[in-house]
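Report on the following structure.
Values quoted throughout were computed directly from the atomic coordinates according to the rules given, and no laboratory measurement underlies them. Treat the numbers as computed from the prediction; the structure is a model and nothing was measured. Cβ coordinates were reconstructed from backbone atoms using ideal geometry, including for glycine residues, and neighbour counts include every protein chain displayed.
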Amino acid sequence: MRLAALLLLVLAAGCEREARQFQVPPAQAKSLKPGYANNERNAYAMSQGKTLFRWFNCNGCHAGGGGGMGPPLMSDAWRYGNTPDDIYKSIMDGRPNGMPSFRGRIAEEQAWQLVAYVRSMSGYARQDAAPGRADALYPGDPENRRDTRN
Amino acid sequence: MLDAAGPQAARVLDLWWLTLAICLLVFFGVLLFCGLALWRAPKTQGPAAPDLASLSMAERGPRAAVAVAVAASTGLLFVLIIASFVADRALANMGPPDLKIELTGHRWWWEARYDASDPSKTFATANELHIPVGRTVLLELKADDVIHSFWVPNLAGKKDLIPGRTATLSLRADRAGTYRGQCAEFCGVQHAKMALLVTAMPQDEYDKWAAAQRESAPEPADKQQARGLELFVNGTCAMCHAIQGTPAHGRRAPDLTHLASRRTLAAGTLPNTRGHLAGWILDPQGIKPGVNMPANPMPPEDLDALLAYLEALK
Amino acid sequence: MNPLLEKTWSDPPGVSGFFSAIDHKTIGLRYLVTAFGFFVAAGLLAALMRMQLSRPENTLVGPDLYNQLFTMHGTTMMFLFAVPVMQGMAIYLLPLMLGSRSVAFPRMTAFSYWIYLFGGLMLYVAFFLNIGPDAGWFSYVPLAGPEYSPGKRVDFWAQTITFSELSGLLAAVTVIATVLKLRAPGMTLARMPLFVWAMLVTAFMILFAMPAVMLASTALILDRLVGTHFYNPAEGGDAVLWQHLFWFFGHPEVYFIFIPGLAFMSTIIPTFSRRPMFGYPAMVLALIATAFLAFGLWVHHMFAAHLPELGKSFFTAASMLIAIPTAIQIFCWIATMWKGRLWLATPMLFSLAFFFVLVAGGLTGIMVASVPLDFQLHDTYFVVAHLHYVLIGGAVFPLFGAWYYWWPKFTGRMLSERLGKWQFWLFFIGFEVAFYPMHHLGLQGMPRRVYTYPADLGWDGLNMLSSLGAVVIASSMLLFVANCMLSLRRAAPCPENPWGAGTLEWATASPPRAYNFDAIPIVRARDPLWEASREPPSEPDHVVGLAEKVREALVTTAVEAMPDHRATFPNPSVWPFISAVAVTVLFVGSIFTPWAVVWASLPVAIAVTLWFWPRHKETVEHLAIEKRP
């Protein structure tokens, strides 16, 4: 009985990780907040987040997570909180000292994908769903090798 | 492939006819002899006693026949091998290029940069190539993400665009017209909708077209278009798209400076009409699920303004 | 019937017997049934694909699911059906054709079956959980790499490769050892049936080719799981490296499927022409030449990639020249039929389809072998047509012929000739209707691996026609299943040698006893049963003196098949099954964490050690029958 339950959990995990939600159904479009909890277990969402991190030039201030003009995103120190809501607020509303507001410039579901990716940079995402290495110059361990304990 | 509009495709087509002729000859030859064997050999309905005469006696006749057949097949094969080599060499000898276009494959659109080496003449466009008739065009093929393949069957064979490498393909259109191409290397969820159009036009028309492409986008003509531009630059569009002459300089999506001059949208997926453009902007995932452009819900007045501006980008 | 031999050589009954069975006939049948199951599964996937493509802009199946469908279809057919079914035929038939009681490594053969089964099951469980691979059966990087294939889908694909390659390699080792060392005395290499030659050649090819894809898929898993850079151009890796490694395996792989098809042809045609094969030496040399040449063709899958033209030309020449050994075989078969007395039963009909379908496919292969033509035809439906013509014409049609031919041996009953002929014609017509139009679609510009196509390009009609052909093929398969079930339930038992064939397997009971032969025969000619009908044997015609209470078999020399020594064979054992489970845990675990390789090695080591640990009782028995000089 326990084995069956365990098996079901493992199987269900696979479903969450592998879903590719291309279209955001209208009902959810109002607020994607419920979506974020799944994003950190969804490989596609975090992979998109990683791509958007590069495309929207987050690297310009945050580099590959190590920081530069902006604070590092890979470390344990979080100025404005590390919960998904905090990070979403950072992206959408901006923060003092130079983080611009991206509300209206980045679609909500894209922002939630970025939130999940940023958290995966510190190892908060589930390891089997976190992104692997990019086809790019090596910046350090890929996100699926990072652990919050490290 | 069977309608060749340029020398590359024509060479391949010539080789095709020769190969087809020889292969049909061999095919029907084999069928003929097989059929003859079936027809003339005596039949039996059960396990008749086996004929073991061949174990002690050499079968001269069949041996000679098989030898002749093998020799003939080998000869025909060599004809084909040599024909293939000759055609291959001809494809490689297109001569120096008159026009260079840098084509970069993205998931799931084509980025074209003309005359990239000359800053005073270069311009960028997407998904639709225009080339002068009768001139050799050299395409420099790069890929931004995964392997794609450029293929316009009326003009030439295909060439893969491989990340980390620059391939080249020379082609020439000898006949004016618009030719459809499509990505021919599986590149993910929207590989099926990554088409492109190549329009060949007389040299003077091409020069006029290129000059128009080099122009920046016109200023908005009225308040509605101005509102449209404002929405474009301050909204999600400018994060990925570029319109030369405005603050929008995104390079992650097709350059829209002359969007209204294109025949299709979304890499050959939709005709470029107001209705289709509206549908694409509002919900690209409904048309090309998995594409990197998010949905952009907006009130109708804003949509009208944006469309008014985009339609002016000729 | 020899009760003592039967007791010695049979597997134990019941549930524990199911897991500890090592009789090569049991394992062979398991391979065949499992492979047929995967064939049906892959066929259903193809049916779904054809339904989606029957109309332009169809919305039956979305792009994500479609990509999974064609990846699963290709992976299943190539790795889980085509190669294992041929290996299953070899494992079942080789000892019978060679006059032996067993394959060389029966427990390893059982292990290879379990690994194959578990790998296939793993892939399908993943598919039903939405973790089915979606990057194509060839899984090109960078698309299949960590950046563009998020999640574990491609990792499951890569481990399916690991499972199926391990299984294939071990089965190949068994085949080689069996053919070279377990032949009946007197069956020199020059007297071996062509079936045996073909399976031997295939097994050698497998040994040389499969490591390439194991290496490639392992490097892919490492890139994805651990962050290595094998295929990362930015850090010195290369996307084209994958293509080279994959196709160095991938091209010989189609010959692993095709050459056993030739084996079936070379068995069925002589039997149904009532005469020995014409040109036996030429046929053997043609098989060997095909195998060697097959390793020199792989770049023809990469003609559109960024490679030097002169190098590609070499592969054009090789790809065209490999037609010559196959042509030799075709002409020899025609010569055999020309001078024979033809019995057009169902196995023969299926073999005759080869001349139509495979020859057409081979000729379209000559077309795509040319670099300029391939520039237009590569990655289009023309190639889809070509590959199905050669694989179905060259392997699947002969395979069905072989099933009809050996079914009486497997089961002791005949399949219905009437249903067989119906099945044949439905399959043949359905195949032509489904796949011939694809040549034209490719010429008109339709690329491969597309989940839909625009409505205004004129591709609609041919696509619909092709989809209708798929329906006809499906109906022919239903007929085949019906034929099998009717035969098992209602047909009368058949004689030992219903086809009057000449090879040794027909000298056993139908189905054969656990011990195969009452006495190991001594072979003096090709087609020993026909030879026996011509000349009664004068000298001793069978081997005496082998123990009957212990599994003892005669090992002979590799070329001349002179008796070499007596070997004792292992008893049934559950450890191959347990080891396979342990290896499965290791492989599946390593999809998720590299530490699985470390921790899961322990149970594997323990299981394999216990597998090989000598059993005291067996050692006593073997020592008792040793004869000191």
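The angle between the Cα long axis of helix C:63-75 and the longest principal axis of the Cα atoms of chain C comes to about 30 degrees, rounded to the nearest 10.
Rounded to the nearest 20 debye, the dipole size of chain C about its Cα centre is 1560 debye, using +1 on the Cβ of Lys and Arg and -1 on the Cβ of Asp and Glu.
Relative intensity of region C:473-516 on a log10 scale, I(q)/I(0) at q = 0.16, 0.31 Å⁻¹, equals -0.61, -1.00, per a Debye sum over C-alpha point scatterers of equal strength in the absence of solvent. Across region B:36-50, computed HN-Hα scalar couplings (Karplus, 6.51 cos²θ - 1.76 cosθ + 1.60, θ = phi - 60°) run 4, 4, 5, 6, 8, 5, x, 9, 9, 9, x, x, 5, 5, x Hz from first to last residue, x flagging Gly and Pro.
Determine the relative contact order of region C:123-173: mean sequence separation of Cα pairs under 8 Å and six or more apart, normalised by residue count, in whole percent.
Values: 32 pairs, mean separation 18.9, N = 51.
Value for region C:123-173: 37 percent.
On a 0 to 90 degree scale, rounded to 10, what angle separates helix C:346-369 from the longest Cα axis of chain C? Helix C:346-369 and the main axis of chain C meet at about 40 degrees. Compared with the dominant Cα axis of chain C, that is its longest principal axis, helix C:83-98 is turned about 20°.
Karplus-derived 3J(HN,Hα) values for region C:146-156, using 6.51 cos²θ - 1.76 cosθ + 1.60 with θ = phi - 60°, are x, 7, 9, 10, x, x, 10, 4, 5, 5, 5 Hz; glycine and proline are entered as x.
Taking amide H atoms as placed 1.01 Å from N in the peptide plane, list the residues 5 or more away in sequence, or in a different chain, whose amide H sits under 5 Å from that of A:S122. Close amide H contacts, sequence-distant or interchain: none at all. Treating each Cα of region B:223-310 as one equal point scatterer and applying the Debye formula with no solvent, the log10 of I(q)/I(0) at q = 0.22 Å⁻¹ comes out as -1.22.
Evaluate 2.2 N^0.38 Å with N set to the residue count of the protein assembly as shown, then give the Cα radius of gyration divided by it. Mind showing how you got there, number by number?
Working: Rg = 32.2 Å, N = 1093, 2.2 N^0.38 = 31.4 Å.
Its radius of gyration relative to the 2.2 N^0.38 Å reference: 1.03.
Stokes-Einstein diffusion for region B:99-214 at 10 °C, viscosity 1.306 mPa s, with a Kirkwood radius from C-alpha pairs, works out to 112 µm²/s.
Model label points for A:D93 and B:R263, set 7 angstrom from Cα along the Cα-to-Cβ axis, are 5.2 nm apart.
For B:A176 and B:W17, what does the FRET efficiency come to when R0 = 35 Å and r is the distance between their Cβ atoms, rounded to the nearest 0.05? Intermediate values should be presented prior to the final figure.
On the way: r = 25 Å, r/R0 = 0.71.
Plugging the Cβ-Cβ distance into 1/(1 + (r/R0)^6) gives 0.90.
For chain B, the spherically averaged projection of the C-alpha convex hull amounts to 24.3 nm². Remark: spin-label model distance B:A48-B:D302 equals 8.7 nm, labels positioned 7 Å along the Cα→Cβ axis.
Return the ratio Rg/(2.2 N^0.38 Å) for region C:202-330, where Rg is computed over Cα atoms only. Walk me through the intermediate numbers first.
Working: Rg = 18.5 Å, N = 129, 2.2 N^0.38 = 13.9 Å.
Here the Cα radius of gyration is 1.32 times the empirical estimate.
Both radii come from the Cα set of region C:91-201: Rg as radius of gyration, Rh as Kirkwood radius; their ratio Rg/Rh reads 1.17. Here the scattering of chain C is modelled by Debye summation over its C-alpha atoms, one equal scatterer each and no solvent; at q = 0.06, 0.08, 0.09 Å⁻¹ the log10 of I(q)/I(0) is -0.32, -0.58, -0.74. Summing Cβ point charges (Lys, Arg +1; Asp, Glu -1) relative to the Cα centre of chain B gives a dipole of roughly 1020 debye. Other residues whose C-beta falls under 10 angstrom from the C-beta of B:V133 contribute a net charge of +1, scoring Lys and Arg +1 and Asp and Glu -1.
Think of region C:87-246 as having a plus end and a minus end, set by charges on the Cβ of Lys, Arg, Asp and Glu; of C:F128, C:Y116, C:T174, C:T174 sits farthest toward the positive end of this dipole.
With both labels modelled 7 Å from their Cα along Cα-to-Cβ, the C:V471 to B:K208 distance reads 5.3 nm. At a Förster radius of 25 Å, what calculated FRET efficiency corresponds to the Cβ-Cβ distance of A:T148 and A:D85, to the nearest 0.05? After rounding to 0.05, the efficiency reads 0.85. Just how many % of Cα pairs in region A:31-145 lie over 20 Å apart, if you round to the nearest whole percent? Of all Cα-Cα distances in region A:31-145, 32 percent exceed 20 Å.
A cut-off of 5 Å between modelled amide H atoms, ignoring neighbours fewer than 5 places along the same chain, links C:T380 with C:R448. Over the protein assembly as shown, DSSP H runs of length four or greater, each weighted -39,500 (n - 2.57), average out per residue to a 222 nm ellipticity of -18000 deg cm²/dmol.
Can you pull out the trypsin sites (Lys or Arg not before Pro) in region B:164-221 whose DSSP state is coil and whose Cβ has at most 14 other Cβ atoms within 10 Å? The partial results should precede the final answer.
On the way: sites: B:R165, B:R172, B:R175, B:R180, B:K193, B:K208, B:R214; in loops: B:R165, B:R175.
Those satisfying the criteria are B:R175.
Can you give the local net charge around A:Y80? Use residues other than it whose beta-carbon is closer than 9 angstrom to its beta-carbon, Lys and Arg +1, Asp and Glu -1. List each step's numbers first, then the result.
Numbers: positive: A:R79, A:K89, A:R95; negative: A:D86.
Once positives and negatives cancel, what remains is +2.
Shown here for region C:529-619: trypsin sites (Lys or Arg not before Pro) in loop regions (DSSP other than H, G, I, E, B) with at most 14 other Cβ atoms within 10 Å, namely C:K549, C:R615.
Normalised by the residues of region B:99-214, what does the relative contact order come to in percent, with Cα pairs under 8 Å and at least six apart?
Numbers: 284 pairs, mean separation 32.6, N = 116.
The normalised contact order for region B:99-214 reaches 28 percent.
Take every residue in peptide B:33-41, count the Cβ atoms of other chains within 10 Å of its Cβ, and give the average of those counts. Could you put the intermediate results ahead of the total?
Working: counts 7, 10, 3, 3, 11, 8, 1, 3, 9.
Mean partner-chain Cβ count within 10 Å for B:33-41: 6.
With a cut-off of 13 Å between beta carbons, the residues surrounding C:L80 carry a summed charge of -2, where Lys and Arg count +1 and Asp and Glu -1.
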